[in-house]
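Working notes for the structure below.
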Amino acid sequence: MELTGADIFVRCLRDEGVEYVFGYPGGAVLHIYDALGQQDTLKHILVRHEQGATHAADGYARATGRPGVVLVTSGPGLTNAVTGIATAYMDSIPMVIFSGQVPTHLIGNDAFQEVDNVGITRPCVKHNFLVKDVKDLATTIKKAFYIAMTGRQGPVLVDLPKDVTAQKTEYSYPKQVTIRSYNPTVKGHTGQIKKAVKLLLSARRPMIYTGGGVILGNAAEPLTELTRALGYPITNTLMGLGGYPASDKQFLGMLGMHGTYEANMAMHGCDVLFAVGARFDDRVTGNIEKFCPTAKIIHIDIDPSSISKNVKVDIPIVGCVDTVLREMLALLKDSKQKPDHDALQAWWHQINDWRSKDCLKFDTTSGLIKPQYVLQKLYEVTRGDAFVTSDVGQHQMWAAQYYGFDKPRRWINSGGLGTMGFGLPAAMGVQLAHPQDIVACVTGEGSIQMCIQELSTCLQYQLPIKIINLNNRYLGMVRQWQEFFYEKRYSMSYMESLPDFVKLAESYGHVGMKIEKPADVEPALKEAIKLKGRLVFMDFITDQNENVFPMIPAGAGLNEMILL
Amino acid sequence: MRRIISLLLENEAGALSRVAGLFSARGYNIESLTVAPTEDPSLSRMTIVTRGSEEIIEQITKQLNKLIDVVKLMDLTEGGHIEREMMLIKIGTTDGNREDIKRLSDIFRGRVIDVTGSTYTVELTGTGDKLDAFIEAVGRAQILETVRSGVSGIARGEKSLHI
């Protein structure tokens, strides 16, 4: 039987195992929406802005490991989605975006709601397609999911002209596709892996540094096993938190610009650095000239272009982190060589000395609410077991520092692009994927207003997200930099005329709370969690002058941190 | 360091702009770029001449390989290779210089392919240096127009770029 392109679209998604589509209708996708409306296996989540759709799909993907799916219309539908696509691209999040397009005979005519979707998204997708013939539709969709999910994952866009969704053809969904020009490496080079194990075992001051690749590559388990077997110190990047249990004594905390003193000093002092699924981002390395001056570096990454991009590596291994780590574990078990016990003990002694500085301490006697305190209490009240999304700025760094993640895929934030407005819509995707779990969105009064409209979506789908708004009436991270580096000229970093967030939450049909005293923090969090089915917007009025410490100023090395 | 990178890529709409976009987005240099379909109509062959340090060239080849449309890549400058460029050049002629230009074009193994009362159009093939030398010899004052194809390259010997 022949089906229309729109029906084929729906069938493909169902056959691909897609659970949710995050989208917003419009002229060019009306055929598709008509087909969507006549079935109920594929669930559509109607957002309030296309940026919200992409972040929600992104949150869903990060929390589950399955691809997020987005459907938007042509023109402004797609341009609104671009921020979310770029966010996913920077963090290698698997996502498939379907955009409507004007009918093929109008393409290039400056038709109503026409933009060059493929052209606009080209620099921020892993790949994109324009489907010109309905006969190519099913294969293209299969290819899009295949590319998004394999190798270094990322967003893939499929542009669908309106007439293609009306044309008819026979439907069959390919079980698999091969693309001759695309063959991602899975297995690491055995010789290199052997060399890496040898070097690791010969280390006197080793350091393990792991990133988002461990989370995306589902490699937390072999990483934890390997790290414990070696007894070496480990640090995670912002994207890698949860890749190794934060509550474990071998964990030194996050590294980088706002990382812990002990993690950064151990990076600087190590003689062998084992980098796993991390990309030596500038927020991690500080001044590249001063980065790990005495270290031999081993680097596992699925993307060859990540290797030796910023920092020259001694033993590169291209492959899936999971596969490579398991191979290393097996070699390690068979090896007669053991880590140098005395050297390691001296190294731990040094690290514990750095640790004793207690670099994350903060003023606990203040009469004002300290943002760090809110996050500590959130951790306690949720027993460290919540899914936490964040926006971008000071609150993001505090959440990363003070909420210890013991499991992967629990910490959901925009690391690479640093997209304000990410937190709330991402939390929607996470909550849909994990309806029984606590999902907390840590945000600030600046970020939350960038996608505040999604409160309406949360009501429609009954998403009981707990919003932790750390309200300091400033764009805090901007203010902090202005305080340190611009002689306290606070240009445009204040927030005036803020809405009454309690009333705002209530007007969207949710529960609002305003918390002004430290003593009220814990009771408010407990109360919010008790309100099981409800979204609770907690507006914490925090100390305006609090800064994120420790900090590596621009141009400095990892050993040149500013401590409180 | 000057490098000649040869690519086989899917002969599809947009493939060229992915390559060009990669170079502009990452700030890499393109000295010349040529592209045309091969004997297999599903594939295009592209030759890119670029400059950069060893690290940058390594990144360029890795980033190009990462593009889904790139089927295969070879850095021709890593081994023996041949490069050629074609130029069409229109030269203003007078009774006084017509003979000289014909002779010059013969010396450079060029061919006069179009003639009017006041112009010669010469076709010339060779390395970039040779074409530059011809331009120099003719003298800029007499040149009305030049069109250069950009470099095409191929490896010497049995080494070949195919799938």
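The values are calculated or read from the model by the stated rules, or taken from the named source; none is laboratory data. Values in this document were obtained by computation on a predicted structure and should not be read as measured data. As a convention, Cβ positions derive from the backbone with ideal geometry for all residues, glycine included, and neighbour counts pool all protein chains shown. What goes into the accessible areas is simple: the full protein's heavy atoms, side chains included, and nothing from ligands, DNA or RNA. Shrake-Rupley method; radii C 1.70, N 1.55, O 1.52, S 1.80 Å.
Observations
- Sites B:Lys102 and A:Thr104, calculated FRET efficiency, Cβ-Cβ separation with R0 35 Å, nearest 0.05: 0.10
- The range A:441-562 - charge dipole about Cα centre, Lys and Arg +1 at Cβ, Asp and Glu -1, debye rounded to 20: 320
- Structure-based [θ]222 nm, chain B - -39500 (n - 2.57) summed over DSSP H runs of at least 4, per residue, nearest 500: -8500 deg cm²/dmol
- For peptides A:446-459, A:98-111, sequence by mean Cβ density within 10 Å, most packed first: A:446-459, A:98-111
- Length added when fully stretched, A:Ala519-A:Glu221, from 0.36 nm per residue minus Cα-Cα: 103.4 nm
- Buried on assembly, the range A:121-168 (at least 50 Å² less accessible surface than by itself, 1.4 Å probe): A:Arg122, A:His127
- Net charge of the neighbourhood of A:Gly52, taken over other residues with C-beta under 14 Å away and scored Lys/Arg +1, Asp/Glu -1, is -3.
- Drop in accessible area of at least 20 Å² in the complex versus isolated chain, residues of the range B:1-24, 1.4 Å probe: B:Glu10, B:Ser17, B:Arg18
- Ordering B:Leu43, B:Thr61, B:Ser24 by Cα displacement along the dipole of the range B:1-125 toward the positive end leaves B:Ser24 in first place; charges were set at the Cβ atoms of Lys, Arg (+1) and Asp, Glu (-1).
- Using the Cβ-Cβ distance between A:His341 and A:Tyr490 with R0 set to 41 Å, the FRET efficiency works out to roughly 0.15.
- Qualifying lysines (Cα of each under 19 Å from Cα of B:Lys102; at least 8 residues distant if same chain): B:Lys90, B:Lys130
- Percent accessible area from carbon and sulfur atoms, the protein assembly as shown, protein chains only, probe 1.4 Å: 51
- Size of charge dipole - the protein assembly as shown - debye, nearest 20, with Cβ of Lys, Arg +1 and Asp, Glu -1, no other charges: 1400
- Candidates per GluC sites (Glu not before Pro) in the range A:471-553, loop by DSSP, up to 14 other Cβ within 10 Å: A:Glu487, A:Glu496, A:Glu516
- Between the residues A:Ile307, A:Thr190, A:Val284, the greatest Cα displacement towards the positive end of the dipole of the protein assembly as shown, with unit charges on the Cβ of Lys, Arg, Asp and Glu, is found for A:Thr190.
- With the charge dipole of the protein assembly as shown set up from +1 on Lys and Arg Cβ and -1 on Asp and Glu Cβ about the Cα centre, the Cα lying farthest toward the positive end among the listed residues A:Tyr171, A:Leu424, A:Tyr403 is that of A:Tyr403.
- When the square roots of the Cα gyration tensor eigenvalues are ordered a ≥ b ≥ c, the ratio a/c for the range B:1-84 is 1.5 or more and a/b does not exceed b/c, which makes its shape oblate.
- Above-threshold pairs, the threshold being 18 Å between Cα atoms, out of A:Lys333/A:Lys407; A:Lys296/A:Lys336; A:Lys143/A:Lys168; A:Lys195/A:Lys333; A:Lys194/A:Lys338: A:Lys333/A:Lys407; A:Lys296/A:Lys336; A:Lys143/A:Lys168
- Using the Cβ-Cβ distance between A:Lys43 and A:Leu360 with R0 set to 45 Å, the FRET efficiency from 1/(1 + (r/R0)^6) comes to roughly 0.65.
- Hits among aspartates and glutamates - C-alpha to C-alpha of B:Lys62 under 16 Å, sequence gap 8 or more where chains match: A:Asp301, A:Asp303, B:Glu54, B:Asp75, B:Glu78
- Estimated buried accessible area (total), pair A and B, 1.4 Å, Å² to nearest 100: 1500
- 10 Å Cβ neighbours from other chains, averaged over peptide B:60-70: 4
- Probe 1.4 Å, protein heavy atoms only - accessible area per residue of the protein assembly as shown in square angstrom: 42
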